[in-house]
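Notes for the one structure printed next.
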Amino acid sequence: MMSFASRPAADDNAGFLCEIGEVASITATAFCGGDTDSTRHATIKSSPTAQKLRSSITKNSSFSKLASKIATKTKTSKSGVNKSDLISPATASSSALPSSAPGNNIYTSAHSNGSSLHGQDSLHSSLALEVGKSAHEYLEECLVTEVSILDRDKFNAVPEYHKDQLNIAEHLGKGSYSDVFEVAVNVSIFDEKSDSIDDLFIERMGDLSLSTTGPSPPAHQKKQDANVKVARDDITSTGRRPHRARRVNFTSSVRQPVKRPNRCDERQVIYAMKCLRPQIRSDAEQFIIGAEDLVHETALLATLDHPNIIKVHGRAAGKLKDAFTLNDGYFILLDRLKKETLKDYIGDWWRYPEFYLHGPTVRQIDIALSIAEAISYLHSKNIVCRDLKPANVGFDSQGVVKLFDFGFAMGLPAVNSADKSNPAGLLFDKCGTPRYMSPEVGLEIGYRTEADVYSYGILLWEMCSLNKPFAEYKTADEFEQAVFIRGVRPSMKKHWPRLLRETIDKCWSKRPSQRPSMESVESVLREVKTSLSGGEGGGGERRRPYSKATRRLSINMGHGYILG
């Protein structure tokens, strides 16, 4: 394997190395993990400082002792069952969550039997403190090295929540490092420092009362004011108000607004809470990676603002150094999306002839366009997604496309010819899902945003064909030789629009320099969408409208939203 300093600095060199076969092998476990399990090699980090930090913390004697003790505690017992396996994923996940999480009492009681289990909890807590310190230092380093991407003020502005403010509803899913739960949070509308409704009204409307420094009122207004003064004098002298109608106008009603008491109204908001899986805590290296990724994802999402990218709404309160302890783990609050992802939608589209016989449809292209716009936005910020796949594309309650899971996303190093170790500003660590991974990522020969374009090409093909890409390859070596080195790609159907086929072919080109920008992909997809909608251009024929039978079928089966 090439050293860090000897790696090529140009995209064309990356393509050339793919052809001659000077490659690094991909592990079988990484490939066989499926398209839902993302992988990352922990020994390589885009930032040299972070790599040194991880190396120093894992080599630390006290840290190594903690890790070895935990590994000893979690070895299989005489019955052949690992103690960590006695806890279901959903129940075990609640250990890092608020005490109101379902099954949290079961987890606590299970670990309160015997001094050995108490000792194990103590070891885990000590390890969590070390990981918290590492995550804090890693975040500080990222805020410096990715200063053009990450914003410290925006990270600090993310609302903080304590565990007792969250009500756990259900377990939504899990990833390689994290669990996701649905939570309900009470959000304040007005706090004790907020102005009253009247103050807000006056601020917007302005003070409409008569000003003593303004121009003098007209003669008829003076006469009315004199009448008012006479009336007041009558009240003073007799103690009674004259029997005349009280004159009330808009000006007098807002001259002295009624000050309502400050209030703190609350409304319940549903979010998705992402936290580390307790299972990774027994593996020190995985614990470090998961903590770093989750903290970095928080800082990254805090700086992003795009309608097709999930938003962060909160994070665990307190200092990062103490946030990864066992019973109060670090978490972030995100948009609550539907359980169905694009991966599920692709599986459902098989039910309808319009998708698998005459596709792609306008609905498919529209989703693809939203994804392209989100990736284009990331690239404009010099951010590489590095794990683009259907399982990471979700939808909110309104059906809006939302990219999520940015644990592997990373800002690009600056292009600096004076930097002899990395003049082209490339990333080198291999991470993502192999099925959608570009050759230069899988072979660890350096990459930039073009790696996402390749992943997008594979994803777009899967959306149109409704087939799993590269399903014919069963081993890592077979996949590597065919896809990464020989450049084998899936076949496309002839009835697909010509512009679409050409764009997909360019996106998954072996040479990164020959791939189009995501802005160009957006432009093409708009043309294709116009063509499928019945407009001119796009290089394809107008598709037949849905038949009445198909419409009835979709309505009866409750999947009308899929047809779009």
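Some observations on this one:
- Scanning the range 440-477 for residues that are touching an Asp or Glu at 6+ places or on another chain (Cβ under 9 Å) and farther than 24 Å from Leu342 by Cβ gives Glu440, Leu443, Glu444, Ile445, Gly446, Arg448.
- Ser455 passes every criterion in (1) farther than 22 Å from Glu519 by Cα; (2) among the polar types (S, T, N, Q); (3) touching a Gly at 6+ places or on another chain (Cβ under 8 Å) apart from (1).
- Check on Val401, of a type in the set (Val, Ile, Thr), touching a strand residue (DSSP E or B) at 6+ places or on another chain (Cβ under 7 Å) and buried (at least 23 other Cβ atoms within 10 Å of the Cβ): no
- Members of the range 140-159 found to be of a type in the set (A, V, I, L, M, F, W, C) and under 17 Å from the mean Cα position of the chain (by Cα), listed by number: Ile149, Leu150, Phe155, Val158
- Scan of the range 366-387 for residues that are among the polar types (S, T, N, Q) and in contact (Cβ under 8 Å) with a residue 12 or more places away in the chain, ordered by number: Ser370, Ser376, Asn382
The rows are residues; the columns are (1) outside the structural domain of Lys174 (by TED's automatic domain parsing); (2) touching a residue at least 12 places away in the same chain (Cβ under 8 Å); (3) surrounded by fewer than 16 Cβ atoms within 10 Å (Cβ to Cβ).
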{"residue": "Ser282", "(1), (2), (3)": "no, yes, no"}
{"residue": "Ile288", "(1), (2), (3)": "no, yes, no"}
{"residue": "Ala291", "(1), (2), (3)": "no, yes, no"}
{"residue": "Ala299", "(1), (2), (3)": "no, yes, no"}
{"residue": "Ala302", "(1), (2), (3)": "no, yes, no"}
{"residue": "Asp305", "(1), (2), (3)": "no, no, yes"}
{"residue": "Gly314", "(1), (2), (3)": "no, yes, no"}
{"residue": "Ala317", "(1), (2), (3)": "no, yes, yes"}
{"residue": "Phe324", "(1), (2), (3)": "no, yes, no"}
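- Any hit, the range 466-480, residues being in contact with a Cys (Cβ under 8 Å, 6 or more places away or on another chain), crowded, with 20+ Cβ neighbours inside 10 Å and touching a residue at least 12 places away in the same chain (Cβ under 8 Å): no
- Residues of the range 346-362 that turn out to be surrounded by 17 or more Cβ atoms within 10 Å (Cβ to Cβ) and at pLDDT 90 or above, as a count: 5
- Residue match in the range 517-527 (condition: surrounded by fewer than 18 Cβ atoms within 10 Å (Cβ to Cβ) and at pLDDT below 95): no
- In this structure, Ile365 does satisfy being more than 16 Å from the chain's Cα centre (by Cα), surrounded by 19 or more Cβ atoms within 10 Å (Cβ to Cβ) and modelled with pLDDT of 95 or more.
- Residue in the range 416-424 that is at pLDDT 95 or above, more than 24 Å from Lys468 (Cβ to Cβ) and of a type outside the set (Gly, Ala, Ser) present: no
- Lone unmet requirement of (1) crowded, with 20+ Cβ neighbours inside 10 Å; (2) of a type in the set (Gly, Ala, Ser); (3) over 28 Å from Thr298 (Cβ atoms) for Ala391: (3)
- Any chance Ile445 is under 27 Å from Lys494 (Cα atoms) and in the same structural domain as Leu500 (by TED's automatic domain parsing): no
- Evaluating His111 against the criteria (1) at pLDDT below 80; (2) closer than 27 Å to Tyr377 by Cβ leaves one unmet condition, (2).
- Just one of the listed residues (Lys343, Lys338, Lys321) is assigned to a helix (DSSP H, G or I) and either within 19 Å of the chain's Cα centre (by Cα) or at pLDDT 95 or above (or both), and it is Lys343.
The values are calculated or read from the model by the stated rules, or taken from the named source; none is laboratory data. Given the structure is predicted, the values throughout are model-derived calculations rather than measurements. Cβ sites come from the backbone with ideal geometry, for glycine too, and all protein chains shown count toward neighbours.
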